[in-house]
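Visitor: The following block contains the structure, expressed as structure tokens.
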Amino acid sequence: MDEILRTIPHRPPFLFIDEIVEIREDGATCKRTIRMEEPQFEGHYPGNPIMPGVLLCEACFQAGAIYLAKQIEKEGKSLKDVTPVLSRITDARFKQMVKPGDEITIEVTMTETVSRFFFMKGKVLKGGKPAMTIGFALAMVDEGAGK
């Protein structure tokens, strides 16, 4: 967990990665165990808790940010200099429900880089089968921008 906290700016309760499994040349694989005590389950189908799809998407975005942060580190820079900001979502598809107690694998793959925009594909696997797939882009924004 310490490595994740050093790598991206997200913090509980809005951190949806438990473990970095692998950083590849073209992407990253992370894991997460969904816990019943998470706050979203108080109101998202009480009595039949389902992980909100938007939070599965966010897990992919965070895995993408981890991948980009590791690439930036290779260049001798730090994520303290830039912030990964979501700039596009395409083709999100939800294929099976994720519930408390499930362990999910989050895989992201870089598909294209255009200027400061990084286009990626993500998928959440449950039991080795897709629970969700998505295309997205992250922009790396300089810390001073937008102020």
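Visitor: Which of (1) closer than 24 Å to Ile89 by Cα; (2) surrounded by 16 or more Cβ atoms within 10 Å (Cβ to Cβ) is the odd one out, the single condition Phe41 does not satisfy?
Guide: Among (1) closer than 24 Å to Ile89 by Cα; (2) surrounded by 16 or more Cβ atoms within 10 Å (Cβ to Cβ), Phe41 violates only (1).
Visitor: A further question follows. Identify all residues within the stretch 61-78 that are more than 15 Å from Arg11 (Cα to Cα) and either in contact (Cβ under 8 Å) with a residue 12 or more places away in the chain or buried (at least 24 other Cβ atoms within 10 Å of the Cβ) (or both); write none if there are none.
Guide: Answer for the stretch 61-78, where residues must be more than 15 Å from Arg11 (Cα to Cα) and either in contact (Cβ under 8 Å) with a residue 12 or more places away in the chain or buried (at least 24 other Cβ atoms within 10 Å of the Cβ) (or both): Gly64, Tyr67, Leu68, Ala69, Lys70, Ile72.
Visitor: Select from the stretch 82-121 the residues that are of a type in the set (S, T, N, Q) and over 30 Å from Pro46 (Cα atoms) and write down the one among them that is surrounded by the fewest Cβ atoms within 10 Å (Cβ to Cβ).
Guide: Taking the candidates together, the pick is Ser115.
Visitor: Does Thr29 fit the bill of being within 17 Å of Asp102 (Cβ to Cβ), among the β-branched types (Val, Ile, Thr), at pLDDT 95 or above and part of a strand (DSSP E or B)?
Guide: yes
Visitor: Let me ask something else. With under 24 Å from Thr7 (Cβ atoms), among the polar types (S, T, N, Q) and in a loop (DSSP other than H, G, I, E, B) as the only criterion, which of Ser78, Ser87 stands out?
Guide: On inspection, the qualifying residue turns out to be Ser78.
Visitor: While we're here: Out of (1) in a helix (DSSP H, G or I); (2) of a type outside the set (A, V, I, L, M); (3) surrounded by fewer than 18 Cβ atoms within 10 Å (Cβ to Cβ); (4) touching a strand residue (DSSP E or B) at 6+ places or on another chain (Cβ under 9 Å), what's the single condition that is false for Arg6?
Guide: Single failed check for Arg6: (4).
Visitor: Determine, yes or no, whether Thr29 is of a type in the set (Ser, Thr, Tyr), in contact (Cβ under 8 Å) with a residue 24 or more places away in the chain and under 20 Å from Ile134 (Cα atoms).
Guide: Details: of a type in the set (Ser, Thr, Tyr): yes; in contact (Cβ under 8 Å) with a residue 24 or more places away in the chain: yes; under 20 Å from Ile134 (Cα atoms): yes.
So Thr29 fits the description; yes.
Visitor: Go through (1) surrounded by fewer than 18 Cβ atoms within 10 Å (Cβ to Cβ); (2) within 15 Å of Ala139 (Cα to Cα); (3) of a type in the set (A, V, I, L, M, F, W, C); (4) in contact with a His (Cβ under 8 Å, 6 or more places away or on another chain) and name the single condition Ile50 misses.
Guide: With respect to (1) surrounded by fewer than 18 Cβ atoms within 10 Å (Cβ to Cβ); (2) within 15 Å of Ala139 (Cα to Cα); (3) of a type in the set (A, V, I, L, M, F, W, C); (4) in contact with a His (Cβ under 8 Å, 6 or more places away or on another chain), Ile50 is out only on (2).
The values are calculated or read from the model by the stated rules, or taken from the named source; none is laboratory data. Every value quoted in this text rests on a predicted model; they were computed, and no experiment measured them. Ideal geometry is used to build each Cβ from the backbone, glycine not excepted, and the neighbour counts take in all protein chains shown.
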